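The values are calculated or read from the model by the stated rules, or taken from the named source; none is laboratory data. Computed from a predicted structure; not experimentally measured. Cβ placement follows ideal geometry from the backbone for every residue including glycine, while neighbour counts extend to all protein chains displayed.
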Protein chains: 2
Amino acid sequence: MSEPWVKMVTAQTPTNIAVIKYWGKRDETLILPVNDSISITLDPAHLCTTTTVAVSPSFVQDRMWLNGKEISLSGGRYQNCLREIRARACDIEDKERGIKISKKDWEKLHVHIASYNNFPTAAGLASSAAGFACLVFALAKLMNAKEDNSELSAIARQGSGSACRSLFGGFVKWNMGKVEDGSDSLAIQVVDEKHWHDLVIIIAVDLQTIHSFAISWRNNSFFCDKLEIRGQRCIVSSREKETSSTTGMHETVETSLLLQHRAKEIVPKRIVQMEMSIKNRDFASFAHLTCADSNQFHAVCLDTCPPIFYMNDTSHRIISCVEKWNRSEGTPQVAYTFDAGPNAVLIAHNRKAAAQLLQKLLFYFPPNSDTQLNSYVLGDKSILKDAGIEDLKDVEALPPPSEIKDAARYKGDVSYFICTRPGRGPVLLSDESQALLSPETGLPK
Amino acid sequence: MSEPWVKMVTAQTPTNIAVIKYWGKRDETLILPVNDSISITLDPAHLCTTTTVAVSPSFVQDRMWLNGKEISLSGGRYQNCLREIRARACDIEDKERGIKISKKDWEKLHVHIASYNNFPTAAGLASSAAGFACLVFALAKLMNAKEDNSELSAIARQGSGSACRSLFGGFVKWNMGKVEDGSDSLAIQVVDEKHWHDLVIIIAVDLQTIHSFAISWRNNSFFCDKLEIRGQRCIVSSREKETSSTTGMHETVETSLLLQHRAKEIVPKRIVQMEMSIKNRDFASFAHLTCADSNQFHAVCLDTCPPIFYMNDTSHRIISCVEKWNRSEGTPQVAYTFDAGPNAVLIAHNRKAAAQLLQKLLFYFPPNSDTQLNSYVLGDKSILKDAGIEDLKDVEALPPPSEIKDAARYKGDVSYFICTRPGRGPVLLSDESQALLSPETGLPK
């Protein structure tokens, strides 16, 4: 084959949300954590990254486009992932097209990468987990690397710590590992997404998140999307906006007197309990551990100098709503967890609890009058139907939750909700129409 | 003297703010803490309690009036203080009026108590510290108890833990003590109020505080005053309102996995460092410890199940403002600390720093347009003059702090500011016109 060919692979990778948190590195270059963590993989139908990687003898340098815009690959995190995958590349042969690349050729060939997120503006939601996981997974498939997903997770980890947990579906544990080179710091699947399939996840995306998005992007986070601010209030303090999770984590390790106690004495026990809760589908224990660990993560952030606040008054109100409801029911209906941002991730025991939760959330946080319900509750809209809500009039007519007296409503304080569920791990997309690069030019379509 | 006489004593006692926090009891009845704490006594000219106690053979029962309204003395905390002081009563004799009470008579005589706070609506500011300190101090003087202020502090402690620190001026340490009966859990003076006299303290009273006041009163806190809500926004979550410090502290001891580590491993070292910082007037070290300990106290609150949030977005914004300024100056100008509520207590290195701080605070938190500057900045108004601010036009014209770009303004989010300084301990008021009870009837004037 004499004319310049382009060989491509397209993959889709989910985001994940930690239920036992990763916060603090013992090695900043290799991205080795101070404790194990456990996450739920979110359904890629609602939140995922799609990445196409291509190789061609005509490419003169490695290039990458993120949501259609070219970005620099010079950052250490990208370079680490590219180097590690190239080191594991093997021979490939496409007899039909007459393409053959031998193991040693990969060092000389350049790649093009295009990545796209299917979810709306929402930095802080997925951070860079899905992005780096997808980059590493797609490159590994392109280069015919023989490593399994756990081994690939140790590479994705060097792009972004939590990315390693996006290499599997269901519930995933990141073992912190012991060895110095980080080769045992990798993800394993605890159970797959079918094991506890009736969980429903509702994410409340805060206005603040939308606003802080531009900063997140500048901080070399993986995702970007167009900046769009709904409503008029801006409740962001500059300090909050500027604390990327990388910086925050570093400052916590340097200054918090509580972090090491958490990492060494508390998390190891919680990991054992959490694995057991998940395996036994013990929601009461799962919810207790999830909420406690989220709160403790934010506690060590607060114990940092200067203190880091990721949660805001809206986050506090959502916690209060869930705590009161769980208490009034006698047994937990919903668990909450917050990452490095104010967005609540709410995990409901089942569809019934999720529908009730959505009613309560829409009571407290109705959309602004210029917002369509259709663009206010995203993802799996069947939960909205279960909740008996068809339009904004139904939202206005919602009664206050019975466990609260004189409940106030905070119109416009939430930007939108996403309903989703536990989901599968990375997959290859064989349909060429889903590729983000042109098979002829290797440039974005 | 045959006609029924009334013998009275009037005392004035300051509030205090902890710079190394008290949070968690090892004995709930005796109110014995899990760690030492250190506080600054605030100038009683701006924040204090005045209490008149009276005894008369004509009184048929112990009675108490708080800000003019009779309240019940049946609570265990009042009963403990009354019992302990009566047990220490000695003979008194007023030859001029022909009054003589022997040690054993005190058990049979009843007292009237009237208490009044000189500061405006501000629950959560002083909590019950000044109140119980003043009650115990005044009763001790009336009953001629021979105990010194440290010994009295161990009695006031049984009314409200932090009350023990209001028995001295300047900087005060509450030794947690070791013995089971609590007799060595008492306050001592670290240095008096003249030692570090150029410190200036500015308190930002949050709207939320005003609103949550009614709850605080129901929770048997010492203070009450008329409820007045300025502005329209109510940013209180119900959960926040309901967590009195007694309840919150109990829940933290029961559920936080970080509290014991803080109490045993961290606070003892901080106490030593804080005493040294105060003695050496080392503001950089003082500010660092004060801010870190406030943040850690709120961190263990967050680590409580269910989590306790005392700080809100306004608190976070004030911290951010101080942290940025301190950083831009290279050396701390101001320390911040927050008790069980959202009110910021800001300690400025000197008058110059305080004037600059007030400018920044008024930039971020200008008063609502219907508020007079005179009722927005209370206490020592000379700081306002130093800041070059004479009226609301000067507030409007304030430039954004140079360390911040595009700083937003949060009009109406602060209810008012109080400017004060370190102050003296309890004193007797000999001027009878200041008594709150009538010398004839023993009832409120």
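Among the residues of the range A:152-165, those identified as in contact (Cβ under 8 Å) with a residue 40 or more places away in the chain, farther than 30 Å from residue A:317 by Cβ and assigned to a helix (DSSP H, G or I) are A:155, A:156.
With respect to residue B:10, is the statement that it is in a strand (DSSP E or B), among the polar types (S, T, N, Q) and more than 16 Å from the chain's Cα centre (by Cα) true? Considered against the rule, which asks whether it is in a strand (DSSP E or B), among the polar types (S, T, N, Q) and more than 16 Å from the chain's Cα centre (by Cα), residue B:10 comes out as yes.
Being touching a Cys at 6+ places or on another chain (Cβ under 6 Å), modelled with pLDDT of 95 or more and either over 30 Å from residue A:409 (Cα atoms) or crowded, with 19+ Cβ neighbours inside 10 Å (or both): is that true of residue A:255 here? Please lay out each step first, then the result.
Details: touching a Cys at 6+ places or on another chain (Cβ under 6 Å): yes; modelled with pLDDT of 95 or more: yes; either over 30 Å from residue A:409 (Cα atoms) or crowded, with 19+ Cβ neighbours inside 10 Å (or both): yes.
Yes, satisfied.
Considering only the range A:50-91, state which residues are aliphatic (A, V, I, L, M) and buried (at least 18 other Cβ atoms within 10 Å of the Cβ).
Those that are aliphatic (A, V, I, L, M) and buried (at least 18 other Cβ atoms within 10 Å of the Cβ): A:53, A:54, A:55, A:64, A:66, A:71, A:82, A:85, A:89.
Which one is surrounded by the fewest Cβ atoms within 10 Å (Cβ to Cβ) among residues in the range A:92-122 that are part of a strand (DSSP E or B) and among the aliphatic types (A, V, I, L, M)?
Going through the range A:92-122, the residues part of a strand (DSSP E or B) turn out to be A:92-94, A:99-101, A:110-117.
Now restrict to residues that are among the aliphatic types (A, V, I, L, M): A:92, A:99, A:101, A:111, A:113-114.
Values: A:92: 18, A:99: 16, A:101: 21, A:111: 26, A:113: 24, A:114: 27.
Once the filter is applied, the top-ranked residue is A:99.
Would you point out which residue out of B:18, B:45 is surrounded by 20 or more Cβ atoms within 10 Å (Cβ to Cβ) and of a type in the set (A, V, I, L, M, F, W, C)? Break it down into steps so the answer makes sense when it comes.
On the way: B:45 fails: surrounded by 20 or more Cβ atoms within 10 Å (Cβ to Cβ).
B:18 is the lone residue from the list that is surrounded by 20 or more Cβ atoms within 10 Å (Cβ to Cβ) and of a type in the set (A, V, I, L, M, F, W, C).
Of all residues in the range B:187-208, one or more are part of a helix (DSSP H, G or I) and either at pLDDT 50 or above or closer than 30 Å to residue B:74 by Cβ (or both). Hey, among B:334, B:345, which residue is of a type in the set (A, V, I, L, M, F, W, C) and within 14 Å of another protein chain (Cβ to nearest Cβ)? Result of the check over B:334, B:345: B:334.
For residue A:271, the test of being among the aliphatic types (A, V, I, L, M), more than 22 Å from the chain's Cα centre (by Cα) and either closer than 28 Å to residue A:118 by Cα or modelled with pLDDT of 50 or more (or both) is failed. Residue B:284 fulfils the conditions (1) farther than 28 Å from residue B:197 by Cβ; (2) more than 8 Å from chain A (Cβ to nearest Cβ); (3) surrounded by fewer than 24 Cβ atoms within 10 Å (Cβ to Cβ) except for a single criterion, (1).
Would it be correct to say that residue A:304 is within 11 Å of chain B (Cβ to nearest Cβ), in a loop (DSSP other than H, G, I, E, B) and among the polar types (S, T, N, Q)? Full working, then the answer.
Numbers: within 11 Å of chain B (Cβ to nearest Cβ): yes; in a loop (DSSP other than H, G, I, E, B): yes; among the polar types (S, T, N, Q): yes.
It is true that residue A:304 is within 11 Å of chain B (Cβ to nearest Cβ), in a loop (DSSP other than H, G, I, E, B) and among the polar types (S, T, N, Q).
Annotation note: of A:182, A:248, A:177, the sole residue that is outside any loop (DSSP other than H, G, I, E, B) and either at pLDDT 90 or above or within 14 Å of chain B (Cβ to nearest Cβ) (or both) is A:248. Residues of the range A:312-328 that are under 21 Å from the mean Cα position of the chain (by Cα) and either under 15 Å from residue B:257 (Cβ atoms) or facing another protein chain (nearest Cβ under 8 Å) (or both): A:312, A:319.
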